[in-house]
Amino acid sequence: MTISEQAVQHRQDYDGASPFPGAEEHAPAGRLQVGLTATIVVVPFVALGVAIALAWGQGVTLTDLLLAAVLYVVTGLGVTVGFHRLLTHASFTARPWLRVVLAVAGSMAFQGNVVDWVAVHRRHHAFTDRPGDPHSPYRYGTGLRGQLRGLAHAHLGWLFADDPTPAERYAPDLLADPAMRRVARAFPALCALSLALPFLAGWAITGTLYGALTAFLWAGLIRIALLQHVTWSVNSLCHVIGARPFKTRRHDRSTNLWPLALLSFGESWHNGHHSEPSCARHGLNRGQFDPSAAVIGLFERLGWAGKVHWPDPERIQRRRAGPQRQAHAPTGD
């Protein structure tokens, strides 16, 4: 029996405060996975140091910033609109070519192939903040030491653990889709493309190898690092810090964290999302900026998307929590 299966077996006995059963037995991943993950985590920070050294005394060029912004938006929306709202939760339907474009864009964010990403996220929703959740910050309990350790686990540590999520169980629809299987197999090549594009664009725009190098650093490695840490912050911070205005399942402590709304393209309205997982808009309250929902709305107007699950005002009102519950961990079903 795997560690994940053991956790699922004990989830009914979980009290919401204790460490998950088997938490201390979390086996490390294999050397290859650890090495690749460490490289993806460490290299962008090395690149940041190099980029700062190169920019010392002359600043960052507008070309590098614009390339970084464009690629951040394209790959970020590939994750939020494509991987998450379309493929994981079926918040809308999309024309076949748009499904592929979004899956390719999301794959270029260096967050795993599309099939595995969807499987892990569906598992997260199946066992949110309970045994079986692959990246809950409550894995080691709710005490201060356990909480700090849990935040580290939810943000990054889970990537180094041997806790596989079977795609056959959690993403059979994507495995049955030939186009998604091809995109998943192309993940390494798409990662290489994600780094090659800024290098080539920088060279083409500036006509120099130096311009290509700085574009590679800022619009390649540093852009990837920023997007990854914003996404991981939704896993970690958006289950610990912020407001809980909507009812969620028992033990689900997802929160709305407004400072991350822009950088996460609306994903940090996480409590709203966990309250209504299939809703295309995560920012359910007035004034909650949700760029991903705006893009889905644009696709709908263009005729590229259909069957969009927009918020139902009456249902949203029923999902609202009282003041006491907004300030504390959820206890309802």
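What to note about this one:
- Residue within segment 199-210 that is touching a residue at least 60 places away in the same chain (Cβ under 8 Å), out of contact with any Gly (no Cβ under 8 Å at 6 or more places or on another chain), within 22 Å of Val81 (Cβ to Cβ) and surrounded by 17 or more Cβ atoms within 10 Å (Cβ to Cβ) present: no
- Only residues that are charged (D, E, K, R) and either closer than 21 Å to Leu77 by Cβ or without any contact (Cβ under 8 Å) to a residue 24 or more places away in the chain (or both) were counted in segment 240-263, giving 0.
- Selection within segment 199-236 - farther than 30 Å from Gly150 by Cβ, touching a Pro at 6+ places or on another chain (Cβ under 7 Å) and not aromatic (Phe, Trp, Tyr): Ala215, Ala219, Gly220
- The residue that is farthest from Thr206 (Cα to Cα), among those in segment 22-37 that are in a helix (DSSP H, G or I) and touching a residue at least 40 places away in the same chain (Cβ under 8 Å), is Ala23.
- For segment 148-155, the criterion of being out of contact with any Cys (no Cβ under 9 Å at 6 or more places or on another chain), closer than 22 Å to Leu262 by Cβ and at pLDDT below 95 is satisfied by no residue at all.
- Residue among Cys191, Cys238, Cys279 that alone is closer than 28 Å to Phe92 by Cα, within 19 Å of the chain's Cα centre (by Cα), assigned to a loop (DSSP other than H, G, I, E, B) and not polar (S, T, N, Q): Cys279
- Taken over segment 240-270, residues that are touching a helix residue (DSSP H, G or I) at 6+ places or on another chain (Cβ under 7 Å) and on the phi < 0 side of the Ramachandran plot amount to 19.
- Test for Arg281: is it in contact (Cβ under 8 Å) with a residue 12 or more places away in the chain, charged (D, E, K, R) and within 21 Å of His229 (Cα to Cα): no
- Residues in segment 153-180 that are within 18 Å of the chain's Cα centre (by Cα), over 26 Å from Ala90 (Cα atoms) and touching a residue at least 12 places away in the same chain (Cβ under 8 Å): His153, Leu156, Phe160, Ala161.
- Cβ pairs under 7 Å, 6+ apart, first in segment 101-118 and touching a residue at least 24 places away in the same chain (Cβ under 8 Å) and under 21 Å from Thr39 (Cα atoms), second outside any helix (DSSP H, G or I) and among the basic types (Lys, Arg): none
- Among the residues of segment 105-150, those that are part of a helix (DSSP H, G or I), surrounded by fewer than 21 Cβ atoms within 10 Å (Cβ to Cβ) and out of contact with any His (no Cβ under 9 Å at 6 or more places or on another chain) comprise Asp116, Ala126, Leu144, Arg145, Gly146, Gln147, Leu148, Arg149.
- The single condition among (1) more than 20 Å from the chain's Cα centre (by Cα); (2) assigned to a helix (DSSP H, G or I) that Val42 does not meet is (1).
- Restricting segment 45-75 to residues that are in a helix (DSSP H, G or I) and not aliphatic (A, V, I, L, M) leaves a set whose member that is surrounded by the fewest Cβ atoms within 10 Å (Cβ to Cβ) is Gly49.
- Sub-7 Å Cβ pairs linking a first residue in segment 285-310 that is surrounded by fewer than 16 Cβ atoms within 10 Å (Cβ to Cβ) to a second residue that is of a type in the set (Val, Ile, Thr) and modelled with pLDDT of 95 or more, at least 6 apart or interchain, are Gly306/Thr93; Lys307/Thr93, ordered by first then second residue.
The values are calculated or read from the model by the stated rules, or taken from the named source; none is laboratory data. Note that the coordinates shown come from a computational prediction; the quantities given were computed from them, not determined experimentally. So basically every Cβ, Gly included, is an ideal-geometry build from the backbone, and we count neighbours across all protein chains shown.
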